[in-house]
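A.B. asks: Structure below; questions to follow.
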Amino acid sequence: MLVSRHLVALSGAITLLSGCASFAPPVPEGYSGPVAIIKDSVKPASQSKADFFYISEIDGRRIEDSRIRTLTVNRGRGFNMVPEVIERNVPAQKATFTLVGRTEYAAPILALTNTVYQVTGKVTFAPETYRHYVVRGELGENYSAVWIEEEGTGKTVGEKIELHGPSKLGTFEK
């Protein structure tokens, strides 16, 4: 009983803190040049679990991503989650993108009691004007990776962030 109260309190604190985050726009204010489009992606595993592949930062500025949006719009739905995929304009110029691949669950208690994989890293490249890109990845016990590819051709741009070996998060990292 005491443990479940602590888990409920922890879940509430995480929910409150995640709602307080502020995000920078993906296109900086005042920028009027050409843009490209980069879309996050999701691989659903069940109604309550999915692997998300997304951009969390552009040149060190924290932006909204599909994982955060999904958690926000699905709050209060219990063990059911419908992924929300973000597509964003970005300046068509050289930038550093922080990529993340992460397992997410519909409810915080599921994350605490199940495996969460995560891989993250930075990729620097110059998106081409009006080109469409997608963040892709794969998460697993012994290999995880995240990368950006051209939509349609599947050609990888920039570096592929790879982790050979375990990418499983510990209890306090989730």
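A.B. asks: Test of understanding: what is the full-extension gain from Thr129 to Ser32, defined as 0.36 nm times their sequence separation minus their Cα-Cα distance?
C.D. replies: Full-extension gain reported as 33.7 nm.
A.B. asks: Against the longest principal axis of the chain, how steep is helix 2-19, in degrees 0 to 90 to the nearest 10, with axes from Cα atoms?
C.D. replies: 20 degrees
A.B. asks: Place a label point 7 angstrom from the Cα of Glu141 along the Cα-to-Cβ direction, then list the residues of the stretch 33-51 whose backbone nitrogen is under 16 Å away.
C.D. replies: Within reach of a label on Glu141: no residues.
A.B. asks: Right, here's the next one. For all pairs of alpha-carbon atoms in the stretch 103-174, what percent lies in each bin of width 5 Å, listed from the first bin to the last filled one?
C.D. replies: 3, 16, 21, 18, 16, 12, 9, 5, 1
A.B. asks: In the stretch 18-76, what GluC sites (Glu not before Pro) fall in a loop by DSSP, with at most 13 other Cβ atoms inside 10 Å?
C.D. replies: Glu29
A.B. asks: While we're here: How long is the gain from Thr113 to Lys43 if the chain were fully straight, where each residue apart is worth 0.36 nm and the alpha carbon distance is subtracted?
C.D. replies: Answer, rounded to one decimal: 23.2 nm.
Computed from the coordinates by the stated procedures, all read-outs in this text should not be read as laboratory data. The shown structure was predicted, so the numbers you read here are calculated from the model rather than taken from an experiment. So basically every Cβ, Gly included, is an ideal-geometry build from the backbone, and we count neighbours across all protein chains shown.
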